[in-house]
Amino acid sequence: MLWEKKLNQWADNIRSKSTLPLRVDLWNGQRLSFGHDMPQVIIRVPNVSALSYLFVPSLANLGRAYVDGKIEVDGKPNAIISIGNALANGTLKLEGKFSRIARSFHHSKDKDKQAVQYHYDVSNDFYQLWLDPHMVYSCAYFENGSEDLATAQIKKIDHILTKIRLRPNDTLLDIGCGWGALVMRAAQKYGAKCVGITLSENQAAYARKQVEQAGMRDMIDIRVQDFRDVTDRFDRITSVGMFEHVGVANLPGYFDKINSLLADGGVVMNHGITSTDVNNGGSPFGNGEFVEKYVFPRGELPHISVALRAMQEGGLEVLDVENLRRHYAKTCELWTDNFESNSDAIKKVVDERKFRIWRVYLAGSAYAFNMDWISIYQVVCVKSGNEPSRLPWSRQYMTA
């Protein structure tokens with residue numbers, strides 16, 4: 001049969017390039033092994049039509065097949081992602097649809113809100129099952145590398161607040177405040193007066209409840225609001241894991257808006273994921289395509305050089321840039337571990353399809369950070385044109 005010949009050619013090609021702890025089980029009882037050890041991953045193919053996903057094994061194709069139940073995959077998430085990318089690397093060429101394609105989307109307030117709500121309004125119960133107790137959904141900061149997730153997330157928040165030199169009674173705007181952990185910490189530890197904005201109704205409801213329970217309504221205002229509609233002025237502004245939703249073409253306008261909200265002498269900190277492709281391309285082999293389709297609709301990652309240029313075009317002077325790629329790889333690994341440990345409980349709050357999407361996404365993100373396909377930077381800015389005397393002499397205040 002034609003499919004048998006094509007399958008054997010594909011399998012021989014994979015074996016000629018690498019040994020993989022993989023086994024493929026076919027609907028007819030046939031088993032194909034690709035290594036001498038016990039398989040870490042088993043792909044079960046229920047019918048001949050599903051072979052097409054193997055013959056073009058981009059993460060977009062394999063991920064789609066797994067999410068839609070066209071194939072079954074057994075194994076730990078990190079092994080599944082590693083072997084999936086090995087199959088892609090052994091079969092596909094980094095050209096055309098499998099290369100690092102830069103995607104561009106039209107952004108509007110309504111479209112951006114829909115995209116944010118798709119991602120963040122899965123349910124608060126869902127996120128609570130694999131995030132840390134403070135519900136911090138962004139890269140943690142492992143000062144020594146041995147911290148647990150909860151400790152590292154608090155250290156990340158403190159790292160940010162130290163970088164912006166937050167002072168008592170400063171006004172702070174947190175753009176994309178999530179479930180409120182940063183503004184809570186800023187108010188409780190530093191005595192700042194905070195506004196947190198999000199487009200997620202679920203996040204806002206949770207954050208408001210936390211503020212109420214802490215008795216901090218006079219210090220913290222949580223709003224469901226687009227950053228473009230904010231009109232107040234603030235001494236300090238933070239944006240954590242948000243500018244990925246803005247769109248590369250809109251970044252100068254985004255930072256110009258931040259500049260307009262920043263008081264004279266104020267400080268801004270942008271913490272965001274970037275592409276390591278100088279042309280703003282997504283992760284290779286269809287990784288970026290999978291994320292855009294199933295996880296982060298309309299998400300766009302700029303190269304750090306593009307982000308820095310946009311900040312300058314928006315009237316901001318960059319003072320400090322820190323790469324936290326290693327930190328985000330470890331964060332995603334810990335999230336993946338939590339997700340696996342709580343898989344039974346997670347399946348009770350989301351359907352099987354959503355479970356599979358996130359299982360692939362979290363492990364895939366860890367892999368992408370480890371492979372230097374994507375990165376993350378914290379960038380500290382002030383308004384351009386400041387007198388030098390208003391700038392710190394060194395970075396010592398960040399680590400003292």
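The values are calculated or read from the model by the stated rules, or taken from the named source; none is laboratory data. As the structure is a computational prediction, the values presented were derived from the model and not from experiment. Neighbour counts are summed over all protein chains in view; Cβ atoms, including those assigned to glycine, are modelled from backbone coordinates with ideal geometry. Side chains included, ligands, DNA and RNA excluded: accessible areas come from the protein's heavy atoms. Shrake-Rupley method; radii C 1.70, N 1.55, O 1.52, S 1.80 Å.
Within region 263-276, one or more residues are farther than 22 Å from Ile164 by Cα and either in contact (Cβ under 8 Å) with a residue 40 or more places away in the chain or open to solvent by less than 20 Å² (accessible area, probe 1.4 Å) (or both). Scan region 1-51 for residues that are in a helix (DSSP H, G or I) and touching a Gly at 6+ places or on another chain (Cβ under 8 Å) and the total you get is 3.
Inspect all residues belonging to region 197-208 and state whether any of them is open to solvent by less than 60 Å² (accessible area, probe 1.4 Å), touching a residue at least 24 places away in the same chain (Cβ under 8 Å) and within 18 Å of Pro168 (Cα to Cα). Taking every residue of region 197-208 in turn, none turns out to be open to solvent by less than 60 Å² (accessible area, probe 1.4 Å), touching a residue at least 24 places away in the same chain (Cβ under 8 Å) and within 18 Å of Pro168 (Cα to Cα). In summary, Ile222 fulfils each of the numbered conditions (1) in a loop (DSSP other than H, G, I, E, B); (2) touching a strand residue (DSSP E or B) at 6+ places or on another chain (Cβ under 6 Å) with the single exception of condition (1).
How many residues are touching a Phe, Trp or Tyr at 6+ places or on another chain (Cβ under 8 Å) and at pLDDT below 95 when one looks only at region 246-272? Total satisfying the criteria: 2.
Glu4 meets each of the listed conditions (1) farther than 28 Å from Thr336 by Cα; (2) touching a helix residue (DSSP H, G or I) at 6+ places or on another chain (Cβ under 9 Å) apart from (2). If you take the residues of region 309-357 that are in a helix (DSSP H, G or I) and in contact with a strand residue (DSSP E or B) (Cβ under 6 Å, 6 or more places away or on another chain), which of them is least open to solvent (accessible area, probe 1.4 Å)? For region 309-357, the residue satisfying everything is Met311. (1) assigned to a helix (DSSP H, G or I); (2) over 21 Å from Glu292 (Cβ atoms); (3) not aromatic (Phe, Trp, Tyr): which one isn't true of Thr231, the others all being true? Result: Thr231 fails condition (1) only. Contact annotation: residue pairs with Cβ atoms under 6 Å, 6 or more positions apart or on different chains, pairing a residue in region 354-382 that is farther than 14 Å from Thr274 by Cα and modelled with pLDDT of 95 or more with a partner that is open to solvent by 10 Å² or more (accessible area, probe 1.4 Å) and of a type in the set (A, V, I, L, M), are Val380/Leu319; Cys381/Val318.
What do you reckon, is Ser305 farther than 22 Å from Met135 by Cβ and part of a loop (DSSP other than H, G, I, E, B)? Answer is no for this residue. For Leu62, the conditions (1) more than 26 Å from Lys354 (Cα to Cα); (2) surrounded by 19 or more Cβ atoms within 10 Å (Cβ to Cβ) all hold with the exception of (1).
Return yes or no: is Glu292 within 23 Å of Val136 (Cα to Cα), among the charged types (D, E, K, R) and either modelled with pLDDT of 90 or more or open to solvent by 40 Å² or more (accessible area, probe 1.4 Å) (or both)? So Glu292 fits the description; yes.
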